[in-house]
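Trainee: Here it is: the structure, laid out below.
Values quoted throughout were computed directly from the atomic coordinates according to the rules given, and no laboratory measurement underlies them. None of these values were measured; they are calculated from a predicted model. Every residue, glycine among them, receives a Cβ derived from its backbone with ideal geometry; neighbour counts consider all protein chains shown.
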Amino acid sequence: MVVLAKGELEQIALPAAVQKAAPPLADVPEVDLGGGACRADAARAVVAACEGHGFFKVTGHGVPAGLLARVEAAAAAFFAMAQPEKEAAAAAAAPPGSPFGYGSKRIGCNGDLGWVEYLLLGVAAAAAAPLPAHGEASPSPSYGSFRDILNEYVVAVRAMMWEVLKLMAEGLGLKEKDALVRLVSHEESDSVLRVNHYPPHPELKQQGHGRLTGFGEHTDPQIISVLRSNYSSGLEISLRDGSWASVPPDRKSFFVNVGDVLQVLTNGRFRSVRHRVMVSSPRPRVSVIFFAGPPPRERLAPLPWLVAEDGGRRRYREFTWREYKASAYRTKLAENRLCHFETE
Ligand code: GA4
């Protein structure tokens, strides 16, 4: 259960002026990986979506519906556990002092609050069981089986994501077709899995707070993020004109966000999409997001081919992922984290 202390509600309840729900995104760009379209068309669709909203839906993804249902059920069971059990699970999920584990309403370490509880896990790239098993001597049995299901999920989603990144490279005309996959499949690649639970809050509605901030607006730092949710609304993306649009839930598909690093690699051609989760549904929302990042030592800079295509203008300076992350962890959620790396 997410419990708020006095004064905290004001930070996540929206002022009356923005209580109105965002209109639904009419034309969610869609990419079918199931062979419905020819490969070149799928590659073009990926690029167009990344240049447009920086966001698209993936269908024909090959991740079994049964696995998605098991993940959803296991997540619901995990968050239904008593608070001390969830906190004990956090200890099994993360070494002390790490940003990983179970958390409730506090996002990051700079004072951001949201109407959400979550499990945040580091993911080992290219491993058969990618999620950590710290404290194996006394694991919480319910967390242990949840982790096993999440491991299966990560393996399946990772394969789908690599396919999306290959299509992206093809669509961009990169000579090295593995240029993007290589960054997220290296054994030191720094990826994260996040399971979010947004409980409904009927009392707040009665008090006139129709919409709460579940997860405040932000862009994702990594290369791409792959999200799957249950059939409950809440995700909103920011459009180029600054307005917000809600994304109709679709439990059979995945949604992909362009992250900050991909915006840099593409010299700003792809757009790291600003998004948020609002809570107003009477149903709980559960989402699972895989954030695919590069190795800490990786030097990141606009890809030469895309700089050349942009008339030789290099929009970002080179930096390492370690450097970017150190700077990102000093920011509040809503801040623009890329401005520190722009060339002008
Ligand atoms: C946003 C995307 C992912 O959820 C996340 C978040 C991370 C965290 O919750 O610890 C951050 C946030 C996210 C961006 C800026 C920093 C770091 C909280 C925060 C204020 C796991 C990630 O990688 O970056």
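Trainee: Calculate for the chain the 222 nm mean residue ellipticity that helices alone would give, adding -39,500 (n - 2.57) per DSSP H run of length 4 or more and normalising by residue count, nearest 500 deg cm²/dmol.
Mentor: -9500 deg cm²/dmol
Trainee: Could you tell me the center-to-center distance, by alpha carbons, between segment 219-263 and segment 108-131 in angstrom?
Mentor: 17
Trainee: Now for a separate question. Tell me the net charge near A125. Cut-off is 13 Å between Cβ atoms, A125 excluded, with +1 for each Lys or Arg and -1 for each Asp or Glu.
Mentor: After counting each charged neighbour, the total is -2.
Trainee: Could you give log10 I(q)/I(0) at q = 0.13, 0.14 Å⁻¹ for the chain, computed by the Debye formula over C-alpha point scatterers of equal weight, without solvent?
Mentor: Results for the chain at q = 0.13, 0.14 Å⁻¹ read -1.02, -1.20.
Trainee: Additional query: With a 10 Å radius around each residue's Cβ, average the other Cβ atoms per peptide and rank 331-339, 232-240, highest first.
Mentor: Packing proxy ranking, top to bottom: 232-240, 331-339.
Trainee: Also: With +1 on the Cβ of every Lys and Arg and -1 on the Cβ of every Asp and Glu, and nothing else charged, how large is the dipole of segment 15-329 about its Cα centre, in debye rounded to the nearest 20?
Mentor: That gives segment 15-329 a dipole magnitude of about 480 debye.
Trainee: Segment 227-278: D in µm²/s via Stokes-Einstein (Kirkwood Rh, Cα pairs, 10 °C, 1.306 mPa s)?
Mentor: The diffusion coefficient I find is 132 µm²/s.
Trainee: Angle, helix 141-172 long axis vs. longest principal axis of the chain, Cα atoms, 0 to 90°, nearest 10?
Mentor: Computed tilt is about 20 degrees.
Trainee: Can you tell me how much longer the chain between E176 and H340 gets when fully stretched, taken as 0.36 nm per residue apart minus their C-alpha distance, in nm with one decimal?
Mentor: 56.2 nm
Trainee: Cα gyration tensor of segment 166-267, axes a ≥ b ≥ c as square roots of the eigenvalues: rounded (a/c below 1.5), prolate (a/b > b/c) or oblate?
Mentor: Taking the square roots of the gyration eigenvalues as a ≥ b ≥ c, segment 166-267 is prolate.
Trainee: Moving on to the next point. Go through segment 306-318 residue by residue and turn each phi into a ³J(HN,Hα) via Karplus (6.51, -1.76, 1.60, θ = phi - 60°); whole Hz please, and just put x for glycine and proline.
Mentor: 7, 5, 4, 5, 9, x, x, 7, 9, 7, 10, 7, 6
Trainee: Using a basic spin-label model with each label point 7 Å from the Cα along Cα→Cβ, how many nm lie between T320 and A129?
Mentor: Rounded to a tenth, the inter-label distance reads 3.1 nm.
Trainee: Could I ask something else about it? Please go through the residue pairs K20/K332; K105/K325; K20/K325; K252/K325 and name each one whose alpha carbons sit more than 28 Å apart in this structure.
Mentor: The answer is K20/K325; K252/K325.
Trainee: Sort 62-70, 261-269 for me by packing, meaning the mean count of neighbouring Cβ atoms within 10 Å per residue, highest on top.
Mentor: Ranked from most to least packed, the peptides come out as 261-269, 62-70.
Trainee: Label segment 192-324 by shape, choosing from rounded, prolate and oblate, from the square roots a ≥ b ≥ c of the eigenvalues of the Cα gyration tensor; if a/c is under 1.5 it is rounded, and otherwise prolate applies when a/b is larger than b/c, oblate when it is not.
Mentor: Because a/c hits 1.5 or more and a/b exceeds b/c, segment 192-324 counts as prolate.
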